[in-house]
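Presented below is the structure to which this report refers.
The values are calculated or read from the model by the stated rules, or taken from the named source; none is laboratory data. As the structure is a computational prediction, the values presented were derived from the model and not from experiment. Methodologically, a virtual Cβ is constructed for each residue, glycine included, from the backbone with ideal geometry; neighbour enumeration extends over all protein chains shown. When the accessible area is computed, the model is the full protein with side chains, heavy atoms only, and any ligands, DNA or RNA have been set aside. Shrake-Rupley method; radii C 1.70, N 1.55, O 1.52, S 1.80 Å.
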Amino acid sequence: MSTRLLSRTTARTRLTLLANAQKHHQSHRLVPALSSSRFLSTHTAPDASETETEPYDVVIVGGGIAGSALACALASGKATGTQKIALIEAFDLSNHINWKPRADQYSNRVSSLTPKSVAFLKRIGVWSELDSSRIAACNGMQVWDGVSGARITFDAAHSNDRSTFLQQVFADAPPPPPSSGATEQGDQSPLAWMTENLHVQYGLQKQMLAHKNRGVQLDIFEKTKVQGINQPSSTDISEWPVITLDNGKKLQTRLLVGADGVNSPVRSFAKIESLGWDYSQFGLVATLEVDHSFSTALDQGKGVAWQRFLPTGPIAMLPLNNGYASLVWSTSPKIAQDLKKLPAQDFCAVVNAAFHASPADLEYLYRSIGPDGQPQVDFQKEIEWRASVQELESQAVAHRSKDAKPPKVVAVQENTRAPFPLRMRNSNSYVEDRVVLVGDAAHTVHPLAGQGLNQGLADVECLARVIEQSLLSGSDIGNIHSLTPYSSERFLPNLAMLGTVDKLSKLYNTDFGPVVWARSLGLTAVDNMGPIKTEIMRFAMGLEDVPSSSRR
């Protein structure tokens with residue numbers, strides 16, 4: 001009798017929640033559309049009705065790229081599109097949906113999107129929302145050791161004969177801009193696409209609004225912070241979590257998704273431990289204006305990414321359109337802060353030197369930056385003199401004279417220089433009962449490989465697919481057994497990427513002779529082994545074996 005009574009009570013509770021959900025959805029659809037974005041802003045004091053607990057199928061905490069992409073993926077699914085979804089973001093999203101960039105200005109946060117990530121964005125309808133003039137194709141990479149000069153090159157022309165999947169990925173992608181380097185036949189697939197994070201956010205917000213307009217139950221709470229998360233019953237872990245917002249409103253959900261960054265409150269609520277460490281490095285980003293006529297690479301280096309590993313950390317220049325490039329420079333915290341304060345002309349001179357000068361010459365320049373950020377020597381003359389000496393020395397080394405040179409940096413866009421700390425983290429688990437983590441909430445990686453955003457999008461693609469399959473099979477989407485396939489598919493690949501990038505960072509952050517000799521020998525050997533280099537490109541492009549269901 002007790003089991004039957006409990007069953008009836010549980011059934012009655014679920015019916016009450018579903019009735020409240022239907023009532024809420026009907027009343028929500030009768031509310032007139034707001035002029036800006038139809039988002040629900042909760043910065044004003046709520047009335048009594050707003051403090052009632054509202055049931056949801058999925059609540060996503062974090063409106064960044066990972067969280068917004070998951071909302072779009074769920075809204076576009078056959079089964080998940082029928083669910084009631086909430087997205088909570090602490091900041092104002094209007095700067096994304098109202099984003100109107102100028103052709104001569106780029107944001108300083110740029111990401112490299114692999115073909116796998118682009119395929120996913122296409123499937124959820126986001127790629128078509130993007131402006132092709134703000135997307136730059138990366139058709140090649142030049143990576144070299146700043147101490148020994150050993151180099152490896154990657155060319156998109158060598159990555160075409162792969163599989164029909166790659167051709168499917170770009171079958172209806174936006175036409176590349178003239179500077180992208182794509183062939184006239186359109187058969188050369190780039191290694192990656194470079195675009196601003198703001199641009200991706202813009203496409204995601206537009207697609208979410210399109211889903212709302214066609215009737216998807218997607219509530220977006222912007223400028224709203226999570227005040228607390230708790231279980232309604234301390235004796236039953238399977239009870240739905242309750243999320244209390246800073247306006248007093250409460251949401252109860254079958255599945256709580258943490259897409260809320262490296263310091264995830266959702267992860268803390270689930271008592272999931274995150275292990276890792278902070279690097280003794282900062283990343284410095286900036287938007288550069290470059291002169292391609294100085295480059296000795298094919299097509300003057302257009303569409304080529306350049307990366308040099310220095311003992312203090314790697315420096316990378318990623319291609320953008322219209323003669324611009326994005327800088328990501330990993331170095332010590334002091335050097336990063338000094339470079340931020342340098343006058344623009346001297347900063348450009350140091351960036352150019354970082355791609356050519358010896359580590360000893362660069363150390364001299366770092367020490368010549370005063371406490372106020374002003375150079376204590378004439379950087380232009382110092383760099384020109386040292387470059388002339390280096391040129392004379394390099395003429396005696398045949399292979400160095402043939403190495404391709406990057407474009408020359410001629411200006412840095414105002415207010416784009418920004419340092420940030422670098423860290424590596426990985427959660428012990430990505431799932432608990434009724435809780436799942438994606439993106440930086442689950443893992444954080446060093447930016448030297450440019451894979452952080454791609455890892456997050458791969459998480460989202462997998463989780464959306466797992467939830468869809470759970471719904472189609474009649475399973476409870478919040479049950480840990482339903483979430484286990486997501487953790488099984490994503491945990492090991494993410495751990496492998498984090499470990500590989502971490503070891504590369506440590507391997508190149510030294511100028512110790514035997515280590516330099518060994519890594520240079522290995523880099524040169526790989527560069528001359530076509531099949532191995534091809535597999536490295538496949539891995540970096542996200543074209544390693546993926547579940548067949550994700551290819552449709």
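Would you please classify the overall shape of the range 419-465 from the alpha carbon gyration tensor, given that a ≥ b ≥ c denote the square roots of the eigenvalues, rounded means a/c under 1.5, and beyond that prolate means a/b larger than b/c while oblate covers the rest?
Cα axes put the range 419-465 in the oblate bin.
Using the Cα gyration tensor of the range 395-477, with a ≥ b ≥ c the square roots of its eigenvalues, what is the shape: rounded (a/c below 1.5), prolate (a/b larger than b/c) or oblate (neither)?
In terms of gyration-tensor shape, prolate.
In Å, what is the Rg of the alpha-carbon atoms in the range 325-423, and how long is Dmax?
14.2, 42
Distance in nm between label sites at Val389 and Leu507, each 7 Å beyond Cα in the beta-carbon direction?
3.2
Ignoring ligands, DNA and RNA, what percent of the accessible area of the range 72-116 is carbon or sulfur (1.4 Å)?
C and S fraction of accessible area: 48 percent.
With just the Cα atoms of the range 443-505, tell me how far they stretch along each of the three principal axes, in Å, largest first.
45, 17, 12
Using 19 Å as the Cα-Cα cut-off, could you pick out the over-long pairs in Lys405/Lys503; Lys84/Lys212; Lys225/Lys250; Lys84/Lys250; Lys408/Lys503; Lys302/Lys405?
Pairs exceeding the cut-off: Lys405/Lys503; Lys408/Lys503.
What part of the accessible area of the range 343-448, given as a whole %, is carbon or sulfur when the probe is 1.4 angstrom?
Heavy-atom surface of the range 343-448 belonging to carbon and sulfur, 1.4 Å probe: 50 percent.
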